[in-house]
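What follows is calculated from the coordinates using simple rules that are stated; it is not laboratory data. Everything numeric here is computed off the predicted structure, so don't read it as measured data. As a convention, Cβ positions derive from the backbone with ideal geometry for all residues, glycine included, and neighbour counts pool all protein chains shown.
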Amino acid sequence: MAKEQCNGCAAADDCSGCPSAPAELTAAQKASRVKNLIAVMSGKGGVGKSSVTALLAVALREKGFRVGILDADVTGPSIPRLFGLSGTASASEDGLLPVPTAGGIKIMSLNLMLPAEDTPVVWRGPIISQLVGQFWTEVVWGELDYLLIDLPPGTGDVPISIFQSFPVSGVITVTNPQQLAGMIVRKSIHMLNLYKLKNYGLIENMAWLECPDCGGSVHLFGKPRGGEEAAREGIPFLGALPLDPSLTAAADAGRIEEYRAEAFAAIADKIIAAA
Ligand SMILES: Nc1ncnc2c1ncn2[C@@H]1O[C@H](COP(=O)(O)OP(=O)(O)O)[C@@H](O)[C@H]1O
Ligand SMILES: [Mg+2]
């Protein structure tokens, strides 16, 4: 068994006889090689985790990397809609096949298996965690440089399962300038410390809105303070994004790959350098 598949133990190279040794690799895992597995987290809902995940995937793809997104927000999946994908996931002998976007990003989400994108998923935590686990063990991701995980809000079942059983390389944290968001986002940063996971840094989304009349900055959620917050938590500050109605429109139209987020080329470079 490949040692890097087991996050539970740093003691021995030989897993034989260990009660917590992971099962043999599945056919899908044998057919996959993911170099960097990066989770996008915030603790808080609605701050832009899914948008940041999608924009980062697009920026990495534009730089020529092989990229996938594992949508771990099972009850509130946004990723297929952002890329204009709908229920088309299929399977091969080895496992489930991710659906490629127009730009070649491989996506797996429960919403690619439901009869309609607004079919509700009314499942309890353990079932949700089990499905997310299968998105790692039963999906034929193939060769990927970066697999991004779009996490649900909170610090509960899904992030716990992922941090305990996936070989996560590190996490990106998303916040907005509101103090309320900051308080909840800090919980997720402190959760990473519990799991001794690398934090690639903080992205401050919705930091300002450009006034359409005067071109000045409107601070809808308060003065941007991402740099300050990151310094206080001892993590890198990756960059800030404005509130941009054309991003919302691109998301609704399923055309996030056509949206040009200036800040993301530099943010992607920082993550590539740190990964
Ligand atoms: N920078 C931004 N400018 C405009 N709209 C945004 C921006 N970031 C996110 N949104 C919109 O805000 C909402 C929440 O973003 P989303 O990425 O779904 O957050 P989360 O995944 O954290 O819940 C969505 O409707 C999204 O389209
Ligand atoms: Mg989301």
Next on the checklist: Beyond a 24 Å Cα-Cα separation, which of these cross-linked pairs lie in this structure: K35/K187; K196/K223; K44/K198; K49/K106?
Outcome noted: K35/K187; K196/K223
Item to check | Table column - 3J(HN,Hα) (Hz), the range 214-228, Karplus curve with 6.51, -1.76, 1.60, x for Gly and Pro | outcome: 9, x, x, 9, 9, 9, 4, 9, x, 4, x, 8, x, x, 4
Checklist entry - What's the local net charge at L96, with K and R +1, D and E -1, over the other residues with C-beta under 13 Å away? => result -3
Checklist outcome for this item: Here the relative contact order (percent) of the chain, from C-alpha pairs under 8 Å and at least 6 apart, is 25 percent
Checklist entry - Quick one: helix 262-274 against the long Cα principal axis of the chain, what's the angle to the nearest 10°, folded into 0 to 90? => result 40 degrees
Next on the checklist: Using the Cα centre of the chain as the reference point, and only Cβ charges (+1 on K/R, -1 on D/E), how large is the resulting charge dipole? Debye, rounded to the nearest 20.
Outcome noted: 540 debye
Checklist entry - Of the residues I184, I127, I203, which exhibits the maximal mean-square fluctuation in a Gaussian network model of the chain defined by a 10 Å Cα contact cut-off? => result I127
Checklist entry - Between the DSSP loop rule and a limit of at most 10 other Cβ atoms within 10 Å, which trypsin sites (Lys or Arg not before Pro) in the range 152-258 are left? => result K196
Item to check | Cut-off 10 Å between beta-carbons: net charge of the residues surrounding D150, Lys and Arg +1, Asp and Glu -1 | outcome: -1
Checklist outcome for this item: With -39,500 (n - 2.57) per DSSP H segment of 4 or more residues and division by the full residue count of the chain, the 222 nm estimate, nearest 500 deg cm²/dmol, is -9500 deg cm²/dmol
Checklist entry - the chain: longest stretch without exposed GluC sites (Glu not before Pro) (DSSP loop, at most 15 other Cβ within 10 Å), sites themselves excluded? => result 118-275
Checklist outcome for this item: When K106, K49 are arranged by how many other beta-carbons sit within 10 Å of their Cβ, fewest first, they go K106, K49
